[in-house]
1. I'd like to verify a number: residues in segment 138-163 that are crowded, with 24+ Cβ neighbours inside 10 Å and out of contact with any Gly (no Cβ under 9 Å at 6 or more places or on another chain), how many?
2. Here is a check on your reading of the model: is Ala183 within 26 Å of His248 (Cα to Cα) and not hydroxyl-bearing (Ser, Thr, Tyr)?
3. Sort through Ala157, Ala238, Ala192, Ala197 and tell me the only one that's part of a loop (DSSP other than H, G, I, E, B), more than 13 Å from the chain's Cα centre (by Cα) and among the aliphatic types (A, V, I, L, M).
4. Restricting to segment 150-174, and then to whatever is touching a helix residue (DSSP H, G or I) at 6+ places or on another chain (Cβ under 6 Å) and under 30 Å from Gly254 (Cβ atoms), can you tell me which residue is modelled with the lowest pLDDT?
5. Take the residues in segment 105-144 that are among the β-branched types (Val, Ile, Thr) and not in a loop (DSSP other than H, G, I, E, B), then tell me which one is nearest to Tyr7 (Cα to Cα).
6. Checking Gly12 against (1) within 15 Å of Ser139 (Cα to Cα); (2) within 17 Å of the chain's Cα centre (by Cα); (3) touching a residue at least 60 places away in the same chain (Cβ under 8 Å): exactly one of these is not met. Which one?
7. Kindly provide the set of residues from segment 112-137 that are among the polar types (S, T, N, Q), touching a strand residue (DSSP E or B) at 6+ places or on another chain (Cβ under 7 Å) and surrounded by fewer than 22 Cβ atoms within 10 Å (Cβ to Cβ), ordered by number.
8. Looking at (1) in contact (Cβ under 8 Å) with a residue 24 or more places away in the chain; (2) touching an Asp or Glu at 6+ places or on another chain (Cβ under 9 Å); (3) surrounded by fewer than 22 Cβ atoms within 10 Å (Cβ to Cβ), which one does Glu189 not meet, given that it meets all the others?
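The values are calculated or read from the model by the stated rules, or taken from the named source; none is laboratory data. Note that the structure is predicted; figures quoted are calculated from it, not measured. Every residue, glycine among them, receives a Cβ derived from its backbone with ideal geometry; neighbour counts consider all protein chains shown.
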Amino acid sequence: MPKMPTYFISHGGGPWPWIPNMRRMFARLETSLAAMPAELPEVPKAVLMISGHWEDAQFAVMSSANPPMVYDYTGFPPETYEIQYPAPGAPDLAQRTHDLLQAAGLPTTLNPTQGFDHGVFAPMAVMYPDANMPTYQVSLQHGYDPATHFALGRALAPLRDEGVLIVGSGLSYHNLRLMGPEARVPSTEFDAWLNEALMLPAKDRTRALLDWEQAPSARIAHKEEDHLVPLFAALGAAEGEPATVTYHEEGIFGGVTATSFRFG
């Protein structure tokens, strides 16, 4: 079975695929997400998402056979709180994932009630619109410690040889209080650093990401790093492998620069 790559993707804003004017704004992102299945060496057994919208006191693994929906956004049209993305879960792989994390010394629980948040169902609706791909999640851990989330990725790495596509779902810029034209400079500065850091040799790349707060505009781009931490997991699962840009755009949300990456 060929080894799957990993990804760190921008997941856009809220339930954007269901809102025509937002979908037009994210047309380039949609193209990149829709292209992902064809970029893979074979059809995955499942997609494992690490979303910036689910965290817990310790790592948790979604174990439901039919995960429900989590509408974790406000101010959108009423119909967006009735969206269904009825992809099956992956209980057996959830148990396998739980066991890998436990073996790596990472305290972990199985969560049979957690549903798909929009960091999962929005991009998956573009990648797999028929909702026929088994999909499950691993949470972030409170505190967002970079080394711990690199360790998460390293523990998940064997799944790549077992047909599981690992996707970190966030945004390379996420400061909801600073959007529009005011976001242009900090998002561009941080994005330029991120692109440069991810092209470094493996050891230097890991060191740079662990020390991400020293990057230009780092704490402006990520006042809280929930949308950056999924990158550490995706990178930890493919630590020695080259990075490729799969999406890059300037001026979204009126001024934000954002990039998505593939590893391996």
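1. Result for segment 138-163: 1.
2. Working: within 26 Å of His248 (Cα to Cα): yes; not hydroxyl-bearing (Ser, Thr, Tyr): yes.
When the stated conditions are applied, Ala183 passes them.
3. None of the other options fit; the residue is Ala238.
4. Among those that are touching a helix residue (DSSP H, G or I) at 6+ places or on another chain (Cβ under 6 Å) and under 30 Å from Gly254 (Cβ atoms), it is Tyr173.
5. Applying the filter and picking the extreme gives Val120.
6. Condition not satisfied by Gly12: (1).
7. Scanning segment 112-137 gives a single hit, Gln114.
8. Status for Glu189: all satisfied but (2).
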